[in-house]
1. Using θ = phi - 60° and the Karplus curve 6.51 cos²θ - 1.76 cosθ + 1.60, what whole-Hz ³J(HN,Hα) does each residue of segment 167-174 get, with Gly and Pro shown as x?
2. How would you rank 183-193, 130-140, highest first, on the average number of other Cβ atoms within 10 Å across their residues?
3. Taking 8 Å as the Cα distance limit and 6 or more residues as the minimum spacing, I'd like the relative contact order of segment 53-181 as a percentage.
4. Please compute the length gained on full extension between GLN213 and ASP113, using 0.36 nm multiplied by the number of residues separating them and subtracting their Cα-Cα distance.
5. Relative contact order for segment 106-192 using alpha-carbon pairs under 8 Å, separation at least 6, rounded to a whole percent?
6. Among LEU142, LEU182, which comes first, second and so on when ranked by fewest other beta-carbon atoms within 10 Å?
7. If amide hydrogens are placed 1.01 Å from N in the peptide plane, which non-local residues have theirs closer than 5 Å to the one on GLY91?
8. In whole Hz, with x marking every Gly and Pro, tabulate ³J(HN,Hα) for segment 141-156 from phi via Karplus 6.51 cos²θ - 1.76 cosθ + 1.60, θ = phi - 60°.
Amino acid sequence: MPQDERSRAAGDRCRADRAGRNSRSAFPPSAVSHRLSSSQLLKIFERKSPQREPADQTEGPARVDVVVLGLGGYGGMVASRLQRRGFSLLGVDFDPEALKYARGRGVATQYGDIEDPELVNGLPISTAGLVVIAVPRLDETLHVIRSLRSAGYAVELVATAYDSEAGRTLRSHGVQRVLRPLSDAADEAADGIASDLAGMARQEQTQSSQNAQPQSSQHAQPQSSRHARQPSV
């Protein structure tokens, strides 16, 4: 191959290599996928996207009886039931759907991310007698407890646990009442069923007693009639 052709070929290879390096530098999919999984990326955007924070829900009431952290599922039901019992409370969550659901049931709400270290400083915890932490992950619950203690709050704590070991851990960190959503629901269901069964048994006993009374009176009536027909001496 002539010298000038070899030079042009070498130059083409150099330019191709440079273009490839620039492309990899601008779009490094392998590096991104190695450092962050898709679920981790989604978590970043879910937690930090400004669209997750409703503009009209950045502040709640100044004074409340209870602060409920976590309005999804169990926490939302606890909040709505406390509200119906006349307690003033503030429900906190980062999910707009959970906030909307709670507001629809009369619960005052405020946007807040459990993982935000400054979350507790923006809540009316100093006026609250109790804080309910109703989040599914134990590490998030412990993070909130540490944040409260670091901020100097000595408020009463209620928290959810989904197994016995988590419950023991929460108690060791100063949680006064541990809620067991699955266990509590099962106990409530069993109590309701037991009450129904007891009611059925009482109803059957009452019915049996009512059925036995006419038979007794029928047996007693002929005997009194015989005594009535006997002639007097």
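Every number in this text was worked out from the coordinates using simple rules, so none of it is lab data. What you see is a predicted model; the values in this text were computed from it and never measured. Reconstructed Cβ throughout: ideal geometry from the backbone, glycine too, with neighbour counts over all protein chains shown.
1. x, 5, 5, 5, 5, 5, 9, x
2. The most tightly packed comes first, giving 130-140, 183-193.
3. Working: 242 pairs, mean separation 30.0, N = 129.
Once normalised by length, the contact order is 23 percent.
4. 29.2 nm is the gain from fully extending GLN213 to ASP113.
5. Contact order relative to length: 24 percent.
6. On the way: LEU142 17, LEU182 12.
Least to most surrounded, the residues fall as LEU182, LEU142.
7. Amide H neighbours of GLY91, under 5 Å, 5+ apart: VAL68, ALA108, THR109, GLN110.
8. Running phi through 6.51 cos²θ - 1.76 cosθ + 1.60 with θ = phi - 60° gives 4, 5, 4, 5, 4, 5, 5, 5, 5, 5, 7, x, 7, 10, 6, 5 Hz.
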